[in-house]
Number of protein chains: 2
Amino acid sequence: MKKKRTNISDIAKAVQVTPSTVSRALNGGGKVSEKKKQEIISLAKKLGYRPNPIAKSLLENRTNTIGLIIPEFTHHFYSRMLAGIESITSNSGYQLLICTSNEDQSQEIKSIYTLLDARVDGVIATISKVNDTFGHLQEVMDNDTPLVLVDRFSEEIEAPYVISDDFQGAFSAVDHLCQIGCRKIVHIKGPDNLSTTFNRLMGYKEALRKHEIEWEEDLVLEGSNPDLEEQIKSCLETNLVDGAFAYSDYLAFEIYKVASQLKIHIPDQLAVIGYADEPISTYITPTLSTVNQQPFEMGAKAAQILLNQIENPEIPREFVSLPTELIIRKSIR
Amino acid sequence: MKKKRTNISDIAKAVQVTPSTVSRALNGGGKVSEKKKQEIISLAKKLGYRPNPIAKSLLENRTNTIGLIIPEFTHHFYSRMLAGIESITSNSGYQLLICTSNEDQSQEIKSIYTLLDARVDGVIATISKVNDTFGHLQEVMDNDTPLVLVDRFSEEIEAPYVISDDFQGAFSAVDHLCQIGCRKIVHIKGPDNLSTTFNRLMGYKEALRKHEIEWEEDLVLEGSNPDLEEQIKSCLETNLVDGAFAYSDYLAFEIYKVASQLKIHIPDQLAVIGYADEPISTYITPTLSTVNQQPFEMGAKAAQILLNQIENPEIPREFVSLPTELIIRKSIR
DNA sequence: CTGTTAGCGCCTTCAG
DNA sequence: CTGAAGGCGCTAACAG
C-alpha cells in the first residue's frame, strides 16, 4: 500500500486553520494574514506537501496530459518526432501518455478510447498506414478534445495536421539530379496507397517535366516488389541510368548493392538520392544524399498547434506542410 | 470547454435509481434486480458511458499509470527498450507516462518529482550517465512507489534492476576472436565512469587471459579521444593487429574508416566486432559482427518486474543481468 | 434488492 | 480575513 502523502488538511490541522485557508495561502486566492500564510507555506515545505493533481483534475475536468499515438518507436523518424513533441509538452507542464498502434488500425482505435478514457486534454496521432474508418477520430473531436494529425493525414477527417511536403522534397531532389546533368533517372516507389508515395512520385515527374525530360515507365520501380534487386539490376543494365531517386534511404541502399555488383561507380557513373536522412545514410559508402523531413520540427509544430487549440479552442485549424531539406553527400559528384 | 461526458448519475436519473445502484449494476458488486441491471447496462451502452478513471484514482489512490524516465528516444537501443516496456504495460491496462532526461541529472530529478506528483503507480528509470545524487530515487522508494532501474544501475540505490551482462557480452566477442586465431586484439573503450565501459573492458581482458594472451596497454584506446582516428591509425600501423573489439558499433565504424585508408582488408587481415547491434551494422560494408543486448527483452523484463512489485509489494527484489547474443557477420572470416 | 451517507483531495462560493 | 458547505465522479459501508 502506498504511503499516505501529506495533504491539505494535514497542514490545516497542524496550523489550526481550515483546509480552505491553507488552499488560499498556497494558491494566493483571496486574502490570508501574512503571518498565517508564512506559517502555512513553511510548514508545507517542511512536510514536502505536493498538491494532488488527481483531485484537481476531477475538479477542473482537465488532466494536463496529452495523448500520443504513433505506429512504432523504432524508426528513427518517429523517435525524432517524439523528441520534438516532448520538447514542447514538457516545457508547458504537460505529460505525455503514449500508445503505439503497430500500424494496426484496430489497435489504433483501442488506443484512442484508452486515451479518451484517461481524459487527456488533447491527442496527437499518426494514423496507421491502412485505414478505412474514422469514427474514432471523429469521436475525439466530437468530444471537444483537440486533435492534431502528424506525418499522415486523411481527407476523411477535418483535423489540423502537420505533414512534410513530399512533393517539394522529391522535386528538389530530382531537380538537383537534373541540374548536375542526369538525364536517365530511375525512381523506386514506396508502398501503394500512401499519400507520401504518390506525392514523391509526382515531385519526381514534375522535376523531369521542368527539365524537359520525358517520363519513362521503365524507370519507375516498385520498392515493395520481392525481386526488387533483379528489377534494379535489369533496369541499370538495359538503360543508361545516370541518376536514382529512392522513396527511402533503405531503398537507396538496394541501389548501392546492385551498383556494386555491376561495378557501376557511385557517384561518378550514378548519382543517388534517398529519403528521410536515416542514420545509415552517413555510414554507408559513399555517404548518401537524402531529403531531410525534419521530424523533430514536425513533432514540435504539432505539439504547439495542439497546445494552442487546448488553450484557445476558438482559433482556426492550421494545416501545415513543412518544407524539407536536401542534403548533398558523396553519392553525388 | 470540454463537452460534459455522461456520468453515473445521468444514468441513475434516467432509470430512476440512485447512482450506487448504477455503480453496482455496472461493476457487479452486490445484488441488483436483473431487470434494472439490464436496463442500466443497455442505457449505459447507448449513452456511451465510460467511467471516469480520475474519480476512481482519487478513491483508490492508484492511477494505472507507469512513469518512465529515459535519457533520449533517438538511439535505437532505447527505442527498442521502450517498445519492450510498452508491449507489457499496454497488455496489462497500464498507461505509460514518459519523460526524458537528456542525460542531465537535474532534469532527471525534475522528472522524478513530476511523476511522483502525477501519482504514478511505479517508475522505470534509466539513470543519467553522470550521476552523483540519489535522493530523488530514494524518495520514490520511500514513497512506496515501486522502482525498477534498467540498463544502468548504481550501488547507491537498492532498487531492483535489469541490465545487460556486459562482461559476458565482451567476453564472448573477444573469446570468439581468439578462437578464430586473432592474437593482437585492439579494444576501443567507452566513456569513462560508466559501469558498461568497465565491464566490457574486463570481459575483453578475461577472454585474453583465457587464451593466454598478454594484455597490452597500447592496444586499448579511448573512444572519447578527439583524435581517435589518429590513434587507431598509429595503433594499426605499429602493431600487427589482427582483431578489434569496440565498445559500440559506431566506434567499430571508426576502425572501418582507418582500415580502408590503410588498405587493411576486413575481415581477411582484420576481424572486427562492435557492440549493440545498431541498424547501421547490417548496412556498412562488410556487415559488422556485433553483440546484441536484447533491449526489447530488457524493457519487457523490467516492466514485468515492476508490475509484479506493484501488484505484490512483498515479493523480494529481483536483480537481473540478461545474457547477450553474439552476432557473427561478414566482418569476421 | 436498493437508497443513504460519507469520503478520496482540492477549490470555490457564500457567509460571517 | 477565515470558516463552513458543496461538489467534481465514483464506490463502499451501512441501513433499511
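Just so you know, all these numbers are worked out from the coordinates, no wet-lab data involved. Being a predicted model, the structure only gives us computed values, none of them experimental. Reconstructed Cβ throughout: ideal geometry from the backbone, glycine too, with neighbour counts over all protein chains shown.
Counts of other chain beta carbons within 10 angstrom of each beta carbon in peptide B:80-91 average 3. Of the residues A:176, A:236, A:106, the one whose Cα sits farthest towards the positive end of the charge dipole of the protein assembly as shown is A:106 (charges of +1 on Lys and Arg Cβ, -1 on Asp and Glu Cβ, taken about the Cα centre).
A simple charge model with +1 on the Cβ of Lys and Arg, -1 on the Cβ of Asp and Glu and nothing else charged puts the dipole of the protein assembly as shown at about 3320 debye relative to its Cα centre.
Run the Debye formula on the Cα coordinates of region A:111-189, all scatterers equal and no solvent, and tell me log10 I(q)/I(0) at q = 0.23, 0.26 1/Å. Cα-only, vacuum Debye calculation for region A:111-189: -1.05, -1.25. Here the contact order of chain A, divided by its residue count and restricted to Cα pairs under 8 Å and six or more residues apart, works out to 17 percent. Summing charges over neighbours of residue A:151, with a neighbour being any other residue whose Cβ is under 13 Å away from its Cβ, gives -1 when K and R count +1 and D and E count -1.
For a test of the definition: using alpha carbon positions, the gyration tensor, and the 1.5 limit on a/c, classify region A:244-299 as rounded, prolate or oblate. Prolate.
When both bridge partners sit in the protein assembly as shown, DSSP labels roughly 10% of those beta bridges antiparallel. Helical content of chain B, expressed as a calculated mean residue ellipticity at 222 nm, amounts to -13500 deg cm²/dmol (DSSP H runs of 4 or more residues, -39,500 (n - 2.57) each, divided by residue number, nearest 500). To test your reading of the geometry: what angle, between 0 and 90 degrees and rounded to tens, separates the Cα axis of helix A:295-311 from the longest principal axis of chain A? Around 40 degrees separate the two axes.
Working note: Karplus 6.51/-1.76/1.60 with θ = phi - 60° gives region B:205-213 the couplings 5, 5, 5, 4, 4, 4, 9, 6, 10 Hz, where Gly and Pro are set to x. Looking at region A:294-325, the GluC sites (Glu not before Pro) that sit in a DSSP loop and have at most 12 other Cβ atoms within 10 Å of their own Cβ are A:314.
So, counting K/R as plus one and D/E as minus one, what does the shell of residues with Cβ under 12 Å around residue B:132 add up to? The answer is -1. Could you give the angle, 0 to 90 degrees to the nearest 10, between helix A:166-179's Cα long axis and the longest principal axis of the Cα atoms of chain A? Approximately 40 degrees, to the nearest 10. To the nearest ten degrees, helix B:105-117 and the longest principal axis of the Cα atoms of chain B are 20 degrees apart. A dipole drawn for chain B from +1 and -1 charges on Cβ atoms has a positive end, and of B:79, B:279, B:54 the residue lying farthest that way is B:54.
Once the convex hull of all Cα atoms in region A:18-78 is built, its volume per residue stands at 154 Å³. Can you list the lysines whose alpha carbon sits under 23 Å from that of residue A:210, skipping same-chain ones fewer than 8 residues off? Candidates past the 8-residue exclusion: A:184, A:189. For a paramagnetic label modelled on residue B:330 (point 7 Å from Cα along Cα→Cβ), amide N atoms under 11 Å away belong, within region A:241-265, to A:257-258, A:260-261.
Multiplying each eigenvalue of the alpha-carbon gyration tensor of region B:8-51 by 5 and taking the square root yields semi-axes of 14, 10, 10 Å, largest first, rounded to whole angstroms.
Among the residues of B:92-103, the average count of other protein chain beta-carbon atoms within 10 Å of the residue beta-carbon is 4. With unit charges on the beta carbons (Lys and Arg positive, Asp and Glu negative) and the dipole taken about the Cα centre of the protein assembly as shown, which residue among A:17, A:63, B:89 sits farthest to the positive side? Checked the options; the winner is A:17.
Inter-copy label distances at residue B:155, shortest first and taken from points set 7 Å along Cα to Cβ: 6.6 nm.
Projection of the Cα convex hull of the protein assembly as shown, averaged over all directions and equal to a quarter of that hull's surface, yields 35.8 nm². Within region B:12-131, the ratio Rg/Rh, alpha carbon atoms throughout and Rh by Kirkwood, equals 1.19.
For region A:233-281, which trypsin sites (Lys or Arg not before Pro) pass both filters: DSSP loop (anything but H, G, I, E, B) and at most 10 other C-beta atoms within 10 Å? Display every interim value, and only then the final one.
Details: sites: A:233, A:257, A:263; in loops: A:263.
Answer in residue order: A:263.
Would you work out if region A:166-292 is rounded, prolate or oblate? Take a ≥ b ≥ c from the square roots of the eigenvalues of the alpha-carbon gyration tensor; rounded if a/c is under 1.5, else prolate when a/b is larger than b/c, oblate otherwise.
Cα axes put region A:166-292 in the rounded bin.
Rounded, prolate or oblate: which fits chain A, taking a ≥ b ≥ c as square roots of the Cα gyration tensor eigenvalues, rounded meaning a/c under 1.5, else prolate when a/b beats b/c?
It comes out prolate by the Cα gyration axes.
Principal axis extents of the C-alpha atoms in region B:87-157 (largest first, rounded to whole Å): 35, 23, 21.
Scalar couplings 3J(HN,Hα) for region A:185-201, obtained by applying the Karplus form with A = 6.51, B = -1.76, C = 1.60 to θ = phi - 60°, are 10, 8, 10, 9, 7, x, x, 4, 6, 8, 4, 5, 4, 4, 5, 5, 5 Hz; x denotes Gly and Pro. The magnitude of the dipole of chain B, with charges of +1 and -1 set on the Cβ of Lys/Arg and Asp/Glu and taken from the Cα centre, is near 2820 debye. Sites listed here are GluC sites (Glu not before Pro) in region B:171-272 whose DSSP assignment is loop and whose Cβ has at most 15 other Cβ atoms within 10 Å: B:212, B:214, B:216. Starting from 0.36 nm per residue, how many nanometres of slack lie between residue B:158 and residue B:265 once their C-alpha separation is accounted for? Here the answer is 33.7 nm. Per-residue mean of foreign Cβ neighbours for A:144-150 is 1 (Cβ atoms of other chains, 10 Å radius). Here region B:166-292 is assigned +1 on the Cβ of each Lys and Arg and -1 on the Cβ of each Asp and Glu. Its dipole about the Cα centre then comes out at about 260 debye.
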